[in-house]
1. How many angstrom lie between the C-alpha centres of segment 162-185 and segment 11-28?
2. Have a look at 138, 118, 68 and report the one farthest towards the positive end of the charge dipole of the chain, computed about the Cα centre with Cβ charges (Lys/Arg +1, Asp/Glu -1).
3. Scan around residue 56 for amide H atoms under 5 Å from its own, H built in the peptide plane at 1.01 Å from N, and keep only partners 5 or more places away or cross-chain.
4. Based on alpha-carbon centroids, what's the gap between segment 43-90 and segment 97-134 in Å, whole number please?
5. With charges set only on the Cβ (+1 for Lys and Arg, -1 for Asp and Glu), what does the dipole of the chain come to about its Cα centre, in debye to the nearest 20?
6. If you place +1 on the Cβ of every Lys and Arg, -1 on the Cβ of every Asp and Glu, and leave all else neutral, what size is the dipole of segment 86-132 about its Cα centre, to the nearest 20 Debye?
7. So what's the net charge close to residue 158: Lys and Arg +1, Asp and Glu -1, counting the other residues with Cβ under 10 Å from its Cβ?
8. Work out the FRET efficiency for residue 132 and residue 197 from their Cβ-Cβ distance, taking R0 = 30 Å, and round it to the nearest 0.05.
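Nothing in this text is a laboratory measurement; each read-out follows from the coordinates by a stated rule. Treat the numbers as computed from the prediction; the structure is a model and nothing was measured. Note that we place each Cβ from the backbone using ideal geometry, even for glycine, and neighbour counts take in every protein chain shown.
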Amino acid sequence: MVEFARLSGGETVLEVGAGTGNFLNLFQRAARRLVGVDLTPAMLYEARRQWPDMELIVADGARLPLESSSVELVATAQTLHHIWEPLPVLKEMRRVMASEGKLLVVDQVATERFEEAVMMNKLETVRDPSHASSRPPSALRTLLRVAGLDIAAEKLVDEEGRLSQWMSPQEFPAARIEKVRDFIDEHGPTTGMDFRRDGDDYVFTRLRFMALARSH
Ligand SMILES: C[S@@+](CC[C@H](N)C(=O)[O-])C[C@H]1O[C@@H](n2cnc3c(N)ncnc32)[C@H](O)[C@@H]1O
């Protein structure tokens, strides 16, 4: 990830939707300053406990309490799919990005088939009611362009997952895991996630989109 972001060293890195700080921490050695913004205080509380050197701010990504053109790398990872209207967030990220700076977007995506995207999002919402929308790569490209950004580098990465890890019993109530199992049994082949049975478990494939963008 750090290599993909092409940091030259000494930059400020801001992450919107930093959560518990795991992604932002990847840049610890490469960056001079790490700033994490998140809407949920409990997430930042946990981040602060783990990474005391990070600057952590409770705020909405659509209204960043940061000066314009002040950040060399503005990132967001695994967060846009929790946001129904990502355009104001991307525009705000662009506002705080330094004129020669970069914007990094990482997010899980649906396939380009509309019906598969609908079913994947239904499944994601059964699993996590805070899910908004996993978009196809073409939608994220369009959003970046409309936000005034040009993609300088892009990667689509296939990632294999397991239901038992995606919904660990320590994290999810048994009834929710059962609902997701039922959904996969009935609709799995229509989600574009290539569900395969593995004993008592399910294995699946998901696409992750990574783009590094600059201002037009
Ligand atoms: C799945 S977590 C990702 C955490 C981290 N980026 C990672 O990859 O480990 C999504 C985070 O986005 C935050 N979030 C959702 N909507 C947001 C918004 N409008 N502004 C800022 N953060 C938001 C949530 O509170 C949550 O912590």
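1. 28 Å
2. Result: 68, furthest along the dipole toward the positive end.
3. The list, which skips near neighbours in sequence, is 36.
4. Between the Cα centres of segment 43-90 and segment 97-134 lies a distance of 17 Å.
5. 540 debye
6. Dipole about the Cα centre, nearest 20: 220 debye.
7. My count for the surroundings of residue 158 gives -1.
8. Result of the calculation: an efficiency of 0.55.
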